[in-house]
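Report on the structure given below.
The values are calculated or read from the model by the stated rules, or taken from the named source; none is laboratory data. None of these values were measured; they are calculated from a predicted model. Note that we place each Cβ from the backbone using ideal geometry, even for glycine, and neighbour counts take in every protein chain shown. Note: areas computed on protein heavy atoms with side chains; ligands, DNA, RNA excluded. Shrake-Rupley method; radii C 1.70, N 1.55, O 1.52, S 1.80 Å.
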Amino acid sequence: MADNKDLLAMTHVGEDPSKYMKSVTPPIFMNSLHVFDSVDDYFAVDIFKDQYYYGRASNPTVTILEKKMAALEHGTRAVVFSAGMAACAATILAICKTGSHIICIKESYGPVQHLLDEFLIEKMNISVTYVKGTKLEDFEEAIRPETDLIILESPTTLLFSVIDLEGVAKIAKKHGIKTYIDNTYSTPIFQKPLDMGIDIVMHTMTKYIGGHSDLIGGVLISKDEEFMEKIMVQRDWFGGVLGPMEAWLAIRGLRTLDVRMQRHYETAMKVAEFLENHPKVKKVYFTGLKSHPQYELARKQQKGECGLMSIEIDGDEKATARFVDSLKIFERGCSWGGFESLAIAYTYNWNEKQQEFLGVNRSIVRLHCGLEGAENLIEDLRQALENV
């Protein structure tokens, strides 16, 4: 799936074994600070040129990871954070000001909406317009003179809507608005939004980049060098830096990202096709299926699919819970992107307002297909669906 440059980025970019005793993997620089030979040397440090003085500002292990992520997403610089939400918050605070207006897709990550609705609206008088986003007119009609940022996901990670990224980017640039996308679903292997005109890409590295469910982390990548230097300074001020151990784990995860994504893709396709033909499944939400209403747009923008999908059970929320509780290989958990398969009855306890917001009922289950093998997962789903 990955091209030759991507493969080199994941395996070798940013590394220089001559600097650490010819070790095939870079060391974990667990130090909190660096010392200097003179006063002038200390004050000459430039963190934008891979120089170091204090771990909150920069770290050699972290730098290696950032170079890899920048190369993978075709950006000029990447900055990693302690969590995906730290990266998201950094973007909003770097772009928006008191009174700014934000356009955000309705299916964006829940904590992003909490940050907007329960904190920034009150603290910064920011206003937010939520749009479905599957039509470019949704964005055009929502723009105001004070609009500074558009927040995107594509595909989204509950109902798997696809956004026309090139179209949105053109609209935003015409109005001087910055665009930000959570690209965690596709990873840089399957989708490169910067090449389609999007300004800022974010990944929750907790998911596929880490790949082993053993780290929390986020990253921002852009082609705007000035903006990314601003982000580096802001990370230093707010203290959301990724630790060196987590950076090293993410570097390790990147080395197998391409082969893991291929297996997730193959497995998810087989699982989705099985579920689409099962009488107790009303609908499968997965952009790899030809039945998806935006299949052609997905094929234009994405080179493949990850292991994530949602299904609507043909039954009420109690039947849905029985299905999820009957799964044996799929564990019940909220995250995704690791080696393990997961299921969550996503809308099980949603109130009427939440259901109306996205136009769903309480029978939606999100599944992540891990690396246990398609036949094993299909058999697990088959036996669990017998309880619906």
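Things to note:
- Overall, the accessible surface of the stretch 120-259 at a probe of 1.4 angstrom is composed of carbon and sulfur to the extent of 53 percent.
- Surrounding net charge for ASP224, when Lys and Arg each add one and Asp and Glu each subtract one, Cβ distance under 10 Å: 0
- Charged neighbours of PRO155, selected by a Cβ distance under 11 Å, balance to -4 (K, R count +1; D, E count -1).
- When its C-alpha radius of gyration is set against 2.2 N^0.38 Å (N residues), the stretch 1-77 gives a value of 1.26.
- The residues of the chain have, on average, 44 Å² of accessible surface per residue, using a 1.4 Å probe with all protein chains present.
- For the chain, the longest principal axis of the alpha carbon atoms and the long axis of helix 225-238 meet at an angle near 90°.
- Using only alpha-carbon positions in the chain, the gyration tensor eigenvalues give semi-axes of 36, 26, 18 Å once each is multiplied by 5 and square-rooted (largest first).
- Of the accessible area of the stretch 10-104, computed with a 1.4 Å probe over protein heavy atoms only, carbon and sulfur atoms account for 59 percent.
- Gained length - GLU137 relative to THR98, 0.36 nm times residue gap less alpha-carbon distance: 11.4 nm
- Candidate lysines for bridging to LYS97, where Cα separation is under 24 Å - those fewer than 8 sequence places away on the same chain excluded: LYS106, LYS123, LYS170, LYS173, LYS174, LYS178, LYS223, LYS230
- Selected from PRO244, PRO279, PRO155 as most flexible by GNM, with the chain as the system and alpha-carbon contacts under 10 Å: PRO279
- Gain on full stretching of the segment that runs from GLN234 to GLU296 - 0.36 nm per residue minus C-alpha separation: 18.4 nm
- Within the full protein context, the accessible area of HIS114 is estimated at about 100 Å² for a probe radius of 1.4 Å.
- Residues CYS96, CYS334, sorted by accessible area with the largest first, give CYS334, CYS96 [1.4 Å probe; ligands and nucleic acids excluded].
- Point-to-point label distance, VAL259-LYS328, nm (Cα→Cβ direction, 7 Å offset): 2.9 nm
- The angle between the Cα long axis of helix 165-174 and the main principal axis of the chain comes to about 50°, on a 0 to 90 degree scale.
- Degrees, to the nearest 10: 244-255 long Cα axis against longest axis of the chain: 60 degrees
- The stretch 269-381, accessible surface, carbon-and-sulfur percent (1.4 angstrom probe): 48 percent
- For the stretch 354-388, the set of GluC sites (Glu not before Pro) satisfying both a DSSP loop assignment and a count of at most 14 other C-beta atoms within 10 Å is given as GLU386.
- Sparse-neighbourhood loop sites, trypsin sites (Lys or Arg not before Pro) in the stretch 355-388 - DSSP loop, at most 12 other Cβ within 10 angstrom: none
- Net charge in the neighbourhood of VAL360 (other residues with Cβ under 13 Å of its Cβ; Lys, Arg +1, Asp, Glu -1) is +2.
- Length available on full extension from LYS19 to MET245: 0.36 nm per residue minus the Cα-Cα distance, which gives 79.5 nm.
- Placing dummy labels 7 Å off each Cα toward the beta-carbon, the span from LYS282 to THR76 is 5.0 nm.
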